[in-house]
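Written below as structure tokens is the structure these notes are about.
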Amino acid sequence: MTSLDTMSTEDVLDILGIDAADRDGCRTLLAERSDDPAVLEAIASIQRSFGSFNEIPVRETTQEELVWLTAYLLLTPTVVAWHRENDIPERVMRDTLADVGRHVAISRRVTGEFSLQTWRWLLHHFTVRIFALGRLQFALQRATLSVPDVFAAGDWVLAVHIPESGPLTPAVVDASLAEAKRFFPEHFPERPVRVVTCDSWMLDPFLLERTTPTSNIGAFIRRFTPIGHFSVGHTDALYFVFRTRDLDLVPSLPRETSLQRAVIERLELGQSWEVHWGYLVL
Ligand SMILES: CC(C)(COP(=O)(O)OP(=O)(O)OC[C@H]1O[C@@H](n2cnc3c(N)ncnc32)[C@H](O)[C@@H]1OP(=O)(O)O)[C@@H](O)C(=O)NCCC(=O)NCCS
């Protein structure tokens, strides 16, 4: 199930959108760590959850990021085959899996070396529960919260995610939401969805007050009705806008854009950024 016999290493790296700078690192992992017991254990853990849409959560058998990256490289033919067997369009499969290269590149930007800080995020992709539909990614999962008369905990919902890949114009968001409305009933009719949830620092009311409804971010966050639930995500805004979680760097960070200024302002006020929850009906 995890052999690369059915797909060449270069095909795997292409499908995962691995940058030129990170390809040798991936080739070395495959050459040297494919039989590593920690890798095999991580693969087994992913396989237990595979296709369960997180009803069987992945057991984190290690925190070693390159073990997970090796597992992802080895599992790519299986994941590609699953997409094809389930008639997922080739473009959706490729856009979804290209997030791996994006995250390896972000990790290099943050750490200066070949790495994968966000390995946990990519478990979504390798347990086949997230799909990139145009500009946005949608994870099919059971709701953990309820909104009276809209959805209940346990209902199937789509958790939306915004990859770093260009402007978030209302037109591309409309197109993604319209595609989600068609895609999920067609491919997963047994898991009916009508609600998109978002939990993000972007829904923090502090940002709402500092964006106009005509900006891309301002228009996006105003699509969501607040659920009234939040958690503290102190360094989340810092990470997504500046790609660092180091609060000591705040005084020296650029303040060129209104978003950069808003993120810094809150931290300099001594406040925490919060991860707020919202929903919209498809
Ligand atoms: C969300 C995102 C796509 C919005 O980009 P966008 O469409 O360019 O946003 P807007 O046009 O509304 O930008 C509003 C302002 O924020 C600035 N801005 C947007 N994204 C920025 C970023 N990543 N870094 C710095 N400034 C940014 C714009 O330059 C603009 O500044 P201005 O008012 O001074 O002209 C972008 O911020 C991004 O890719 N973020 C990383 C991914 C992320 O945060 N995902 C959410 C994870 S929970």
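Quick look at the numbers
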quantity	calculated
Fraction of accessible area attributable to carbon and sulfur, segment 86-245 (%, probe 1.4 Å)	55
Surface accessible to a 1.4 Å probe, per residue, for the residues of segment 128-282, Å²	47
Cα convex hull of segment 2-50, projected area averaged across orientations, nm²	3.8
Debye equation applied to the C-alpha atoms of the chain, log10 I(q)/I(0) at 0.11, 0.12 Å⁻¹	-0.69, -0.82
Calculated from backbone phi, Karplus (6.51, -1.76, 1.60) coupling profile of segment 28-40 in Hz, x at Gly/Pro	5, 4, 5, 6, 9, 10, 4, 9, 4, x, 5, 5, 5
Integer Hz, Karplus 6.51/-1.76/1.60 couplings in order for segment 124-136, x for Gly and Pro	3, 6, 8, 9, 6, 10, 9, 9, 8, 10, x, 6, 10
Over 20 Å [Cα-Cα, segment 1-158], rounded percent	50
Rg and Dmax [Cα atoms of segment 129-282; Å; Rg one decimal, Dmax integer]	16.2, 51
Listed residue (Val80, Thr6, Pro57) projecting farthest to the positive dipole end of segment 1-128, Cβ model	Pro57
Charged-residue dipole, Cβ positions (Lys, Arg, Asp, Glu), segment 129-282 about Cα centre, Debye nearest 20	320
Rg and Dmax of segment 243-282, Cα atoms only, in Å	13.1, 42
At q = 0.17, 0.27 Å⁻¹, base-10 log of I(q)/I(0) for segment 189-243 (Debye sum, equal scatterers on each alpha carbon)	-0.64, -1.19
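The values are calculated or read from the model by the stated rules, or taken from the named source; none is laboratory data. Computed from a prediction, not measured in an experiment: that's the story for all the values here. Cβ coordinates were reconstructed from backbone atoms using ideal geometry, including for glycine residues, and neighbour counts include every protein chain displayed. The protein model used for the area step is the full one, side chains on, heavy atoms only, and it has no ligands, DNA or RNA in it. Shrake-Rupley method; radii C 1.70, N 1.55, O 1.52, S 1.80 Å.
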